[in-house]
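Throughout, read-outs are computed from the coordinates displayed, never taken from laboratory work. The model shown is predicted, which means the values in this text are computed figures rather than measured ones. Note that we place each Cβ from the backbone using ideal geometry, even for glycine, and neighbour counts take in every protein chain shown.
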């Protein structure tokens, strides 16, 4: 049983470009959350998708957008990249409203913006 | 509003000695609290979770945490550190339903031989 998978593992972009990161949740999970982890810091919540809709959002600008597909996989899009967007982007999946809900994390996508 | 504060950015212990990683939280309602561990180049792994069933929560790898409402604390402990415990540890608070999860800044645990 595959856990949470993210692609690509590493990515290098330049300022102003756009990037798309992908996440496949753990089998049986219906909810995907995205986090940004800057070097030396804890993950910061970006947003969460459930039933193909954004359900909750952290303090991130509109340059950060996402999508969830009918198979529960998800994409994170970042437009007009800034140097400060360089970070590890983590995807986590879970089962919404499960009695023992917990997050399963992927290994992340390391994004470098030059 | 919710928040979580990890009181130590770095903790260093000798192998075989106890571990204490401190966490205080703030929440306007009964929160769910977690501890996650992150090893280098690996994803975050759940150590344990508190959801009001019992104040002392036992997790994997010998870790446990005690929820103290009066002190708004959720400290992580382990009786005897092992070299493999060296990693980054995150205290996390989540609202009911898991819509929003807030991570602490992390505590780096060093284990000396």
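Summary of values
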| quantity | calculated |
| --- | --- |
| Label-point separation, residue B:77 to residue A:30 (7 Å along Cα→Cβ), nm | 4.0 |
| Per-bin percent of Cα-Cα distances, chain B [5 Å] | 2, 13, 24, 26, 19, 10, 4, 1, 0 |
| Inverse mean reciprocal Cα-Cα distance (Kirkwood Rh) of the protein assembly as shown, Å | 18.0 |
| Set of the stretch A:73-89 residues, backbone N closer than 15 Å to the point 7 Å along the Cα-Cβ line of residue A:10 | A:87-89 |
| GNM flexibility winner over chain A from A:84, A:66, A:40 (Cα, springs under 10 Å) | A:40 |
| Order of A:60, B:34, B:103 under a 10 Å beta carbon neighbour criterion, fewest first | A:60, B:103, B:34 |
| The stretch A:57-98, Cα convex hull volume normalised per residue, Å³ | 98 |
| C-alpha center-to-center spacing [the stretch B:8-48, the stretch A:3-23] in angstrom | 28 |
| Chain A: C-alpha pair distances exceeding 19 Å, % | 40 |
